[in-house]
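S.K.: If you scroll down you'll find the structure; I have some questions about it.
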Amino acid sequence: MKLLKDKIIEEGKVISDTKLDVSSFLNHQVDPELMKALGEDFAEVYKDYDFDAFVTVETSGIAPSLFASLYSEKPLVIIKKEDHLKDESVYSQQESYSFTKDHEYYLTVKKEFIENKKVILIDDFLAKGSVAVNCDKLIKQANSELVAIGICISKNYQEGYKKLREDGYDLYIQAELESLDPETNSIKFSK
Ligand code: G4P
């Protein structure tokens, strides 16, 4: 998606070969016009899909997915990250691990919002793919189906991209990165 790629080129900062700083527009300061455009793009991609709701994982996926939800006229369910187990009659939970932050947590959602549904997951980044894989487990646990995954920025050279493709997920990515070079602050796109 050209608008997102242009923004990444203009404002993205390469921190390391696996970390791109997008804090000026996506995950700290947020550019609402860009978020609106990303959401509209997701809504267009999924307009003929049979699904009940979008899901995202707090926090940074919320902004683009809220606009996708608005344009698709479907609800958005925010999966929370909790550090402890909760009442299992009310909540579905799935253990997950953040490689970036090196800690374990539970993806957590109220059963009433997710049971027996077809959902599309939207997230800001695809890196190792643990969020997507564990969301799928959580969704299956709730007797629901993950019909597609929409990602704003994928670092295609990390494990997540390959894994989700090999596992046959329906994957749509708005900006696909081929490499990041911290020495030259260069960002290469796959296409
Ligand atoms: P994985 O799902 O792909 O396995 O990734 P992992 O758990 O290791 O980490 C996911 C977190 O790391 C997410 O944020 C994601 O936004 C962030 N992340 C991954 N790659 C990059 C990157 O290149 N740049 C930046 N800025 N962030 C990246 P989170 O911890 O879930 O926090 P939140 O911002 O959504 O609250």
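S.K.: Search segment 7-28 for residues that are free of Cβ contacts under 8 Å to residues at least 12 places away in the same chain and pair each with any residue that is within 10 Å of the ligand (Cβ to nearest atom) when their beta-carbon atoms are under 7 Å apart and the residues are at least 6 apart or on different chains.
M.R.: Asp21/Gly12; Asp21/Lys13; Asp21/Ile15
S.K.: With within 14 Å of the chain's Cα centre (by Cα) and among the small types (Gly, Ala, Ser) as the only criterion, which of Ser23, Ser60, Ser72, Ser89 stands out?
M.R.: Ser60
S.K.: Based on this model, can you work out whether Ile15 counts as within 13 Å of the ligand (Cβ to nearest atom), under 17 Å from Lys117 (Cα atoms) and surrounded by fewer than 19 Cβ atoms within 10 Å (Cβ to Cβ)?
M.R.: Criteria not met by Ile15.
S.K.: Quick one: what pairs do we get from segment 43-72, first residue of a type in the set (Val, Ile, Thr), second in a helix (DSSP H, G or I), C-beta under 6 Å, 6+ apart or different chains?
M.R.: Between residues of segment 43-72 that are of a type in the set (Val, Ile, Thr) and residues that are in a helix (DSSP H, G or I), the close pairs are Thr56/Ile62; Thr56/Ser65; Val57/Val131.
S.K.: Same structure again: Taking segment 98-134 as the region of interest, how many residues are more than 7 Å from the ligand (Cβ to nearest atom) and aromatic (Phe, Trp, Tyr)?
M.R.: 3
S.K.: Something else about it: Quick test for you: out of Tyr157, Tyr169, Tyr105, pick the one residue that is under 22 Å from Glu88 (Cβ atoms) and either out of contact with any Phe, Trp or Tyr (no Cβ under 6 Å at 6 or more places or on another chain) or in a helix (DSSP H, G or I) (or both).
M.R.: So the residue among Tyr157, Tyr169, Tyr105 that is under 22 Å from Glu88 (Cβ atoms) and either out of contact with any Phe, Trp or Tyr (no Cβ under 6 Å at 6 or more places or on another chain) or in a helix (DSSP H, G or I) (or both) is Tyr105.
S.K.: Something else: Return yes or no: is Lys137 farther than 18 Å from Ser190 by Cα, away from the ligand (no atom under 11 Å from the Cβ) and either assigned to a strand (DSSP E or B) or over 14 Å from the mean Cα position of the chain (by Cα) (or both)?
M.R.: For Lys137, the condition - farther than 18 Å from Ser190 by Cα, away from the ligand (no atom under 11 Å from the Cβ) and either assigned to a strand (DSSP E or B) or over 14 Å from the mean Cα position of the chain (by Cα) (or both) - is met.
S.K.: Only one of (1) within 24 Å of Phe25 (Cβ to Cβ); (2) within 14 Å of the chain's Cα centre (by Cα) is not met by Ser130, so which one is it?
M.R.: Exception for Ser130: condition (1).
S.K.: Residues of segment 58-92 being within 16 Å of the ligand (Cβ to nearest atom) and in contact with a Lys or Arg (Cβ under 7 Å, 6 or more places away or on another chain), which ones?
M.R.: Within segment 58-92, Glu58 is the sole residue that qualifies.
S.K.: Please go through segment 67-119 and give me each residue that is buried (at least 18 other Cβ atoms within 10 Å of the Cβ) and among the aliphatic types (A, V, I, L, M), ordered by number.
M.R.: Matches in segment 67-119: Ala68, Leu76, Val77, Ile79, Leu107, Val109, Ile114, Val119.
Readers should treat all values here as calculations from the given coordinates under stated rules, not as data from a laboratory. Remember, predicted model here, so these are calculated numbers, not experimental data. Here the Cβ is made from the backbone with ideal geometry for all residues, glycine too, and neighbour counts use every protein chain on show.
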